């Protein structure tokens, strides 16, 4: 079955027009899960931390625009140091859509429906809330590359807004796992993980993102070393025999 799949992939790739060598776009590791059960801000945060990662963090105008139709508590609160900070890692907020005197209205922040504006309110008020969850999943099972490919495709995540499916992760040359605090545990779990990188028809390809060009990847890899792993401690790519077994990363489809 695996051989048939890659024979078809080979045929498909061989007759694609040859685009310029590029890397995949940067990976956004978080997704928003709206929860329409009402809770005060502290309970909302506890629910998000128990079931997902935390209340949502919004770091710039672009992220805020993507949440235009969402509403509810977000992770911003007025901290003990008299500054606005995010619940996730208590980082100071460099971007807000709040009036400068908003703290007088209350110490917790919610986002309006179909609006880019935020408003502070009393933390005890019950409202819907927005959690952030992880698109990227480390599967701590050792499998061959093709086994990992099939495993990711079988994963199904149920969300409050529907369902989603995973795939073997196609990442970016600029993707840097150690920069993400919530990814630090990956470095302790394993050093090399399968990703959706495969050598086909004389080129390195991301399964869903097109051709991949990297100084870390040989133009003509050794026989059988046609699958790519991400080396976590150096954040670089490496080739391996596709039959070797490694942990792997699955990425939720957008």
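The values are calculated or read from the model by the stated rules, or taken from the named source; none is laboratory data. The model shown is predicted, which means the values in this text are computed figures rather than measured ones. FYI the Cβ positions are ideal-geometry reconstructions off the backbone, even for glycines, and counts take in every protein chain you see.
Of the residues 207, 197, 240, which is under 23 Å from residue 141 (Cβ atoms) and either modelled with pLDDT under 90 or out of contact with any strand residue (DSSP E or B) (no Cβ under 7 Å at 6 or more places or on another chain) (or both)?
Every option except 207 fails the conditions.
Is it true that some residue in segment 102-122 is closer than 19 Å to residue 31 by Cβ, in the same structural domain as residue 39 (by TED's automatic domain parsing) and part of a strand (DSSP E or B)?
Applying the first criterion (closer than 19 Å to residue 31 by Cβ) to segment 102-122 yields 111.
Now drop any that are not in the same structural domain as residue 39 (by TED's automatic domain parsing), which leaves 111.
If we keep only those that are part of a strand (DSSP E or B) too, we end up with 111.
Yes; the residues of segment 102-122 include at least one that is closer than 19 Å to residue 31 by Cβ, in the same structural domain as residue 39 (by TED's automatic domain parsing) and part of a strand (DSSP E or B).
State all residues of segment 67-94 that are part of a loop (DSSP other than H, G, I, E, B) and surrounded by 13 or more Cβ atoms within 10 Å (Cβ to Cβ); if no residue qualifies, say none.
The initial filter retains those residues of segment 67-94 that are part of a loop (DSSP other than H, G, I, E, B), namely 67-71, 79-83, 87, 91, 93-94.
Passing the criteria: 67, 68, 70, 71, 79, 87, 91, 93.
Specify the residue that is farthest from the chain's Cα centre (by Cα); the eligible residues are those in segment 86-116 that are at pLDDT 90 or above and under 16 Å from residue 131 (Cα atoms).
This residue is 108.
For every residue, the table says whether it meets (1) out of contact with any helix residue (DSSP H, G or I) (no Cβ under 6 Å at 6 or more places or on another chain); (2) surrounded by fewer than 19 Cβ atoms within 10 Å (Cβ to Cβ); (3) at pLDDT below 80.
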| position | (1), (2), (3) |
| --- | --- |
| 157 | yes, yes, yes |
| 168 | no, no, no |
| 190 | yes, yes, yes |
| 201 | no, yes, no |
| 218 | yes, yes, no |
| 221 | yes, yes, no |
